[in-house]
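Novice: Before I ask anything, let me first share the structure, which is written out below as structure tokens.
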Amino acid sequence: MKRPTIGILTWREGKRFAEPTYFRRLLKAGQELGCTAFLFSPKDVLASGKQVRGYVLDANGKWQSRLFGRPDAVFDRYRYTPTQAFKDYVAFRRTSPFLYANNRLANKWRVHEVLHRDSRMHRWLPETLLYNRQNLIKMLGRHSLLYVKPLNGTGGRNILSIEKHGGGYRLLGRDKQRAKISKVFSGISAVLRWTDRWTRQEKYIVQQGLRLQLVPARAVDMRLLIQKNGQGEWSITGHGFRVGGERSATSNLHGGGKAVPVPAFLKPKFGEERSAQIVRDCEDLAYQTAETLEDHFGRMVEFGLDIGIDVDGRAWLIEVNPKPAREIFREMGATEQYKRAIQRPLEYAIYLAKTQGREGREPQLKRKVASR
């Protein structure tokens, strides 16, 4: 087979891209893997559909455009933004005839519905309802801590925690600019009024909060990255803990959190044997999540899972991200895992380009864990 060409679908404005540092590393990984990778946006596909204006790096590391033929496979990295450009992208995906390594995933509520229909997932899922006043009152009657999250939010923006506190309620959150918000109310009526204002511009879910107090006064979760490899198999690339900043509702690294290797975090709290059991349960959760979502939404290439570990060592699936960051490995100094995390979507896209016409279907999901 000729040198495969892999298109990377993303937002572009002029020569500005959504994730320029990551894309530079991704294109370099493409060279190392023996493929030609280029960036493009929906508006870069010529009317005939047979040519694409793609962007690559020249010898000086500057972005330059070139005309390419139809790519052999496409890795979709177009991430959600509340803009017309995103609506145009959604319309493009509905009609685009390219061979995609990954289908689109739905919003948080739809993902929860799909997962909840699979009884194998139940032990890992916190209670989750669509946000409205009635559901918020109902959930506050059942749980002392709740999270209110936008259906399409990313990066910890617009997430609000509501906690019963000293006879009243404490609200912590981050707005669209990730600025911290902190409020205290004595009665539920004030909470409802304030939360209604917080949620007025888009749809939200309300989710059972978990007692993840492994580090006092800080949000903590595990980020686990599961990806398809060059043989078309799901494989766990790695995981690490994110410890949020003080009095922050989220653990996101770009919101002030820090990355900690899993053994260094778990063993002092649970011991070696129990820590190993917790990790195995998280990996089982990841494989089952990938299988359940792929069965419903079609071919996928990677998921970043946010997993909460409570004080008893029980794993809970907090969130699924189909277009995850991988900076946690770089922050932990896990160089090989970071490199693998960048390479794997391209490895799978190359595999797909080589085998799609010959095999005509996806291979059976296989449980193969990457060496760590």
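Novice: Compute a Gaussian network model of the chain, connecting alpha carbons closer than 10 Å, and tell me which residue from ALA73, ALA325, ALA85 fluctuates the most.
Specialist: ALA85
Novice: Moving on. Which ³J(HN,Hα) values, rounded to whole Hz and listed in residue order, are derived for the range 276-282 from phi using the Karplus coefficients 6.51, -1.76 and 1.60 in 6.51 cos²θ - 1.76 cosθ + 1.60 with θ = phi - 60°, glycine and proline given as x?
Specialist: Per-residue couplings from phi come out as 4, 5, 4, 4, 4, 5, 5 Hz.
Novice: Return the FRET efficiency for the residue pair PHE92, GLU32: r is the Cβ-Cβ distance, R0 is 30 Å, and the value is rounded to the nearest 0.05.
Specialist: Details: r = 30 Å, r/R0 = 0.98.
Efficiency for this residue pair is about 0.50.
Novice: State, to one decimal in nm, how far the label point of ARG16 lies from the label point of GLU291, with both points 7 Å from Cα in the Cβ direction.
Specialist: Simple spin-label model gives 4.5 nm for this pair.
Novice: Could you check which residue among ASN229, ASN103, ASN135 shows the biggest mean-square fluctuation in a GNM of the chain with a 10 Å Cα cutoff?
Specialist: Checking each option, the largest mean-square fluctuation is seen for ASN135.
Novice: Moving to a separate point now. In the range 43-128, what trypsin sites (Lys or Arg not before Pro) fall in a loop by DSSP, with at most 11 other Cβ atoms inside 10 Å?
Specialist: Numbers: sites: LYS43, LYS50, ARG53, LYS62, ARG66, ARG77, ARG79, LYS87, ARG93, ARG94, ARG104, LYS108, ARG110, ARG117, ARG120, ARG123; in loops: LYS50, LYS62, ARG77, ARG79, ARG104, ARG117.
Here the sparse-neighbourhood loop sites are LYS50, LYS62, ARG117.
Novice: So if I take the centroid of the Cα atoms in the range 253-330 and the same for the range 61-98, what is the distance between those two points in Å?
Specialist: Distance between centres, Cα-based: 29 Å.
Novice: Per residue, how much accessible surface does the chain expose to a 1.4 Å probe? Answer in Å², no decimals. Numbers along the way, then the final one.
Specialist: Numbers: 17060 Å² over 372 residues.
Accessible area per residue, the chain: 46 Å².
Novice: Also, I was wondering about something else. In terms of Cα to Cα distance under 23 Å, which lysines are near enough to LYS180, apart from those fewer than 8 places away along the same chain?
Specialist: LYS108, LYS149, LYS164, LYS203, LYS258
Novice: Can you bin the chain into rounded, prolate or oblate? Criterion: square roots of the alpha carbon gyration tensor eigenvalues sorted a ≥ b ≥ c, rounded for a/c under 1.5, prolate for a/b above b/c, oblate for the rest.
Specialist: It comes out prolate by the Cα gyration axes.
Novice: Can you compute the modelled spin-label distance between ARG274 and LEU46, with each label point 7 Å from Cα toward Cβ, in nm?
Specialist: 6.4 nm
Novice: Extending each Cα 7 Å along its Cβ direction at GLU233 and LYS138, get the distance between those two points in nm, one decimal.
Specialist: If labels sit at GLU233 and LYS138, their model points lie 4.3 nm apart.
Novice: While we're on this one: Which entries in LYS267/LYS323; LYS176/LYS354; LYS87/LYS183; LYS2/LYS339; LYS176/LYS269 show an alpha-carbon gap greater than 32 Å? Display every interim value, and only then the final one.
Specialist: Details: LYS267/LYS323 30 Å; LYS176/LYS354 42 Å; LYS87/LYS183 34 Å; LYS2/LYS339 25 Å; LYS176/LYS269 34 Å.
Distance filter (> 32 Å) returns LYS176/LYS354; LYS87/LYS183; LYS176/LYS269.
Novice: While we're looking at this one, here's another question. Report, in deg cm²/dmol and to the nearest 500, the calculated mean residue ellipticity at 222 nm for the chain, where each DSSP H run with n ≥ 4 adds -39500 (n - 2.57) and the sum is divided by the residue count. Write out the running numbers ahead of the final one.
Specialist: Details: 9 runs with 121 residues, N = 372.
It comes out at -10500 deg cm²/dmol, rounded to the nearest 500.
Novice: Among the aspartates and glutamates, which have Cα under 19 Å from the Cα of LYS50 when same-chain residues fewer than 8 positions away are ignored?
Specialist: ASP72, ASP76
The values are calculated or read from the model by the stated rules, or taken from the named source; none is laboratory data. These numbers were taken from a predicted model, which means no experiment stands behind them. Heads up, the Cβs are rebuilt from the backbone with ideal geometry, glycines too, and the neighbour counts pull from every protein chain shown. Accessible surface areas use protein heavy atoms only, side chains included; no ligands, DNA or RNA. Shrake-Rupley method; radii C 1.70, N 1.55, O 1.52, S 1.80 Å.
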